[in-house]
Amino acid sequence: MSKVALITGITGQDGYHLSELLNNKGYKVYGLIRGQQNPKKIIVEQEQPYIDLIEGDLTDPASLVQAIETAQPDEVYNLAAVSHVGYSFRNPILTAEVTGKGVLNLLEAIRVTGGEKKVRFYQASTSEMFGGLDYNRPGKGYDENALFHPRSPYGAAKLYGHWITKNYRESYGMHASCGILFNHEGERRGIEFVTRKISNAVAKIHLGLQDHIELGNLDPKRDWGYAGDYVEGMWLMLQQEEPGDYVLATGETHSIKDFLELAFKEIGVDDWKPYVRQNPKFMRPAEVDILLGNPEKAERVLGWKRKVDFENLVKLMVKHDLELEAPRIIT
Ligand code: NAP
Ligand code: G4F
């Protein structure tokens with residue numbers, strides 16, 4: 001009998017990579033899709049016809065109960081969220097409802113349908129919960145025991161999701177694990193996130209489709225890995241006998257300027273500065289200045305290790321966007 005997985009956030013970056021991974025492992029995959037006319041539905045149906053889509057929304061508890069009853073999952077991966085930090089400042093209440101309380105809605109749907117002893121649950125926690133402050137162990141990076149200090153409505157909502165997941169583990173004996181994932185990127189990254197915004201603009205500049213890119217703060221540093229590597233870690237967490245919390249990260253940190261430098265090098269440009277303008281519109285009321293993760297526990301216990309390094313991540317993203325944008329040139 002093949003295992004059954006239900007993935008929320010199926011139309012997102014990680015939803016794509018995780019469903020590919022689970023399908024390759026022989027799982028039956030269900031995906032939660034929201035909205036009356038979600039334009040991404042047709043893309044999932046075309047690209048990943050093996051996924052059974054179930055309509056539902058993290059803010060609608062009844063739809064989640066129905067989803068659990070329909071899928072009868074062995075494993076539930078909660079990837080759905082309002083996931084953009086800048087957007088969360090502009091829409092803090094929605095963010096709390098979806099990214100925070102939505103986790104509780106899903107855990108309750110599992111519990112009231114009697115799944116708390118059978119279902120293994122993954123919560124997409126985040127390095128944004130650390131907030132870049134209290135960075136008191138330079139060089140080592142944040143691990144599972146580091147202090148939390150969220151700096152955005154998104155980070156605060158995720159922290160609630162993190163703790164309520166641990167609470168269901170401790171209260172009801174649920175096999176519920178939290179992956180505290182540092183930034184992970186790739187060809188499927190949403191265009192609103194800085195790495196993809198840069199790789200796509202670099203491709204368009206090279207092809208003559210635009211002449212500059214507008215960005216916010218260029219100094220923050222992130223621990224950037226490849227999304228395809230990170231979904232393997234999510235799956236490994238649910239294969240352990242005991243649930244737990246794990247940091248997935250590369251152990252390296254780079255600035256946005258570093259990303260720009262490598263991305264522009266891919267199109268033969270040594271000095272990126274003439275192509276970049278700063279626009280206060282993309283600045284945030286509070287910034288996370290530096291994130292660096294320590295994945296020692298995941299490497300030791302799960303046997304997980306990232307494969308794609310920073311340089312190759314930038315390369316693969318720019319290469320992908322050059323191929324994506326080239327057909328748009330009108331000759
Ligand atoms: P993403 O591409 O932004 O995808 C978010 C998904 O959530 C989309 O499928 C979206 O559906 C869905 N969603 C939004 N609101 C919803 C609602 N009310 N009900 C149901 N679904 C809803 O995010 P990602 O990069 O794949 O990340 C996956 C998860 O990991 C997120 O929870 C994110 O916060 C977390 N995380 C990401 C990173 C990272 O670097 N990527 C790092 C740490 C943690 P629509 O397509 O319909 O909008
Ligand atoms: O790419 P970002 O929007 O990612 P951010 O804020 O680090 O959040 C991502 O990673 C988190 C894990 O740490 C996830 F939990 C979260 O869901 C999301 O996937 O911004 C990265 C940095 C920030 O410091 C931002 O201020 O880039 C800076 N930045 C500068 N200009 C910009 C821009 N960010 C965006 N999105 N757009 C800009 O124009």
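No value in this document is a laboratory result; all are computed from the given coordinates. From a predicted model like this one, the values you see are computed outputs, not experimental measurements. Virtual Cβ from ideal backbone geometry, glycine too; neighbours counted across all protein chains shown.
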Quick one: plug the Kirkwood hydrodynamic radius of the chain (C-alpha pairs) into Stokes-Einstein at 37 °C, 0.692 mPa s, and report D in µm²/s. 161
What is the antiparallel percent of DSSP beta bridges lying wholly in the chain, to the nearest 5? 5
Amide H neighbours of C178 at under 5 Å, excluding residues fewer than 5 places away on the same chain, with H built from the backbone geometry, are Q123, G244, D245, Y246
With axes computed from alpha carbons, what is the tilt in degrees of helix 310-325 against the longest principal axis of the chain, rounded to the nearest 10 within 0 to 90? 80
For region 217-331, take N as its residue count and report Rg(C-alpha) divided by 2.2 N^0.38 Å. 1.32
Loop sites in region 166-215: GluC sites (Glu not before Pro), DSSP, at most 15 other Cβ within 10 Å: E192
Rounded to a whole number, what is D in µm²/s for region 1-45 from Stokes-Einstein with the Kirkwood radius over alpha-carbon pairs (37 °C, 0.692 mPa s)? 301
What 222 nm value per residue comes from the helices of the chain, counting each DSSP H run with n ≥ 4 as -39,500 (n - 2.57) and dividing by all residues, nearest 500 deg cm²/dmol? -11500 deg cm²/dmol
With +1 on each Lys and Arg Cβ and -1 on each Asp and Glu Cβ, and nothing else charged, work out how big the dipole of the chain is about its Cα centre, in Debye to the nearest 20. 240
How large is the Kirkwood hydrodynamic radius of region 285-331, counting all unique pairs of alpha carbons, in Å? 14.4
Helix 227-239 vs. the chain, principal-axis angle (Cα, 0 to 90°, nearest 10): 20
Each residue of region 218-226 in order: what ³J(HN,Hα) in whole Hz does its phi give by Karplus 6.51 cos²θ - 1.76 cosθ + 1.60, θ = phi - 60°, with x for Gly and Pro? 9, 8, x, 10, 10, 9, 9, x, 9
Which entries in K25/K140; K158/K204; K158/K297; K40/K197 show an alpha-carbon gap greater than 26 Å? K25/K140; K158/K204
Shape of region 222-280, Cα gyration tensor, a/c cut at 1.5: prolate
Evaluate the Kirkwood expression for the hydrodynamic radius of region 126-197, namely the inverse of the mean inverse distance over all pairs of different C-alpha atoms, and round to one decimal in Å. 13.9
Quotient of Cα radius of gyration and Kirkwood radius for region 1-140, i.e. Rg/Rh, equals 1.00
Name the residues whose placed amide hydrogens come within less than 5 Å of the amide hydrogen of G251, ignoring near sequence neighbours (fewer than 5 apart) on the same chain. G293
For a quick check of your reading of the filter: which chymotrypsin sites (Phe, Trp or Tyr not before Pro) in region 67-156 sit in a DSSP loop and have no more than 14 other Cβ atoms within 10 Å? none
Taking Cα atoms, the helix 256-265 axis meets the longest principal axis of the chain at an angle in degrees (rounded to 10) of 60
For region 247-308: span of alpha carbons on each principal axis (Å, largest first): 46, 34, 12
Please turn the phi angles of region 64-74 into ³J(HN,Hα) values with the Karplus equation 6.51 cos²θ - 1.76 cosθ + 1.60 (θ = phi - 60°), one per residue in order, whole Hz, x for glycine and proline. 6, 4, 4, 5, 5, 5, 6, 7, 6, x, 8
